[in-house]
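Asker: Dropping a structure here in structure tokens format, bear with me for questions.
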Amino acid sequence: MPLVRPAFSIALSGLALLAGCTTTGDIESAADAPAPGARATLYSPAGIAMGSATIEQVSGGLKLSVNGMALPPGTHGAHIHTTGKCDAPDFASAGGHWNPSTKQHGTMNPMGPHGGDLPNLLIGTDGTGSLTIDLPGAALTGGANPLLDADGAALVIHAAADDLKTDPSGNSGGRIACGVLQAG
């Protein structure tokens, strides 16, 4: 009989150890995985970093955040452009505004807006400013008109304020900063 107690005690200890080795908290579920997204660093024509942008796929569309730095104070048009190229000096390589629904420019235009039309970016005297906006119905990849199609997309900051109605670019002036949106 004395041998039964140590064996029983060892068995109970083993069960207690197994109970403590649960992996429930160690397995990451698909719901906890980060949402698909894209990022860009914005550069001036001289190659100076002027800010960043992030886009995240969320329920019902995309969420875009732009953080400007070292930009001239004032109000600046900001748009998503159709091509993922930012060739200096004028960033014309970024193409026109992303416009998957073939509308006219501007939220104040009855025939608009383009999918890439964004609110103006207000930059303070310290050269910084930010904006965050939801883009309902937009998709990063997949579907009929994904943002990141074969030639990509770019985020462009313009020299002047966007009037939010004049087609094709809201009279927002030249392109002073550009960043290629890359998945990741």
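Asker: Does region 55-65 include one or more residues that are assigned to a strand (DSSP E or B), in contact with a Gly (Cβ under 7 Å, 6 or more places away or on another chain) and free of Cβ contacts under 8 Å to residues at least 40 places away in the same chain? Can you show your working first?
Answerer: Step one: of region 55-65, the residues assigned to a strand (DSSP E or B) are 55-58, 61-65.
Checking the rest, the ones that are also in contact with a Gly (Cβ under 7 Å, 6 or more places away or on another chain) come to 55-57, 61.
Still in the list and also free of Cβ contacts under 8 Å to residues at least 40 places away in the same chain: 56.
Yes; the residues of region 55-65 include at least one that is assigned to a strand (DSSP E or B), in contact with a Gly (Cβ under 7 Å, 6 or more places away or on another chain) and free of Cβ contacts under 8 Å to residues at least 40 places away in the same chain.
Asker: Oh, and also: Just to verify a result, which residue in region 54-81, among those that are modelled with pLDDT of 95 or more and over 18 Å from Ala159 (Cβ atoms), is farthest from the chain's Cα centre (by Cα)?
Answerer: The selected residue is Asn67.
Asker: OK, next. Is there any pair with a first residue in region 96-124 that is more than 30 Å from Ala70 (Cβ to Cβ) and in a loop (DSSP other than H, G, I, E, B) and a second that is among the charged types (D, E, K, R) and at pLDDT below 90 whose Cβ atoms are under 7 Å apart and which are 6 or more apart or on different chains, and what are they?
Answerer: Sorted first by the residue in region 96-124, then by its partner, the pairs are Gln104/Asp167; Asn109/Asp167.
Asker: Scanning for something touching a strand residue (DSSP E or B) at 6+ places or on another chain (Cβ under 7 Å), β-branched (Val, Ile, Thr) and part of a loop (DSSP other than H, G, I, E, B), does region 141-148 turn up at least one residue? Steps first, answer last, please.
Answerer: Applying the first criterion (touching a strand residue (DSSP E or B) at 6+ places or on another chain (Cβ under 7 Å)) to region 141-148 yields 147-148.
Right, trim to β-branched (Val, Ile, Thr) and you get none.
No: region 141-148 contains no residue that is touching a strand residue (DSSP E or B) at 6+ places or on another chain (Cβ under 7 Å), β-branched (Val, Ile, Thr) and part of a loop (DSSP other than H, G, I, E, B).
Asker: Answer yes or no: is there a residue in region 156-166 that is without any contact (Cβ under 8 Å) to a residue 24 or more places away in the chain, of a type in the set (D, E, K, R) and assigned to a loop (DSSP other than H, G, I, E, B). Talk me through it step by step, then tell me what you get.
Answerer: Residues of region 156-166 that are without any contact (Cβ under 8 Å) to a residue 24 or more places away in the chain, as a first pass: none.
Within region 156-166 (the criterion being without any contact (Cβ under 8 Å) to a residue 24 or more places away in the chain, of a type in the set (D, E, K, R) and assigned to a loop (DSSP other than H, G, I, E, B)), the answer is no, since none of the residues qualifies.
Asker: Scan region 42-60 for residues that are crowded, with 16+ Cβ neighbours inside 10 Å and within 22 Å of Gly95 (Cβ to Cβ) and jot them down.
Answerer: Answer for region 42-60, where residues must be crowded, with 16+ Cβ neighbours inside 10 Å and within 22 Å of Gly95 (Cβ to Cβ): Leu42, Tyr43, Ser44, Pro45, Met50, Gly51, Ser52, Ala53, Thr54, Ile55.
Asker: How many residues does region 144-184 hold that are among the small types (Gly, Ala, Ser), surrounded by fewer than 15 Cβ atoms within 10 Å (Cβ to Cβ) and more than 21 Å from Pro45 (Cα to Cα)?
Answerer: 4
The values are calculated or read from the model by the stated rules, or taken from the named source; none is laboratory data. Predicted model, so just to flag it, every value in this text is computed and none were measured. All Cβ positions, glycine included, derive from the backbone under ideal geometry; neighbour counts span all protein chains shown.
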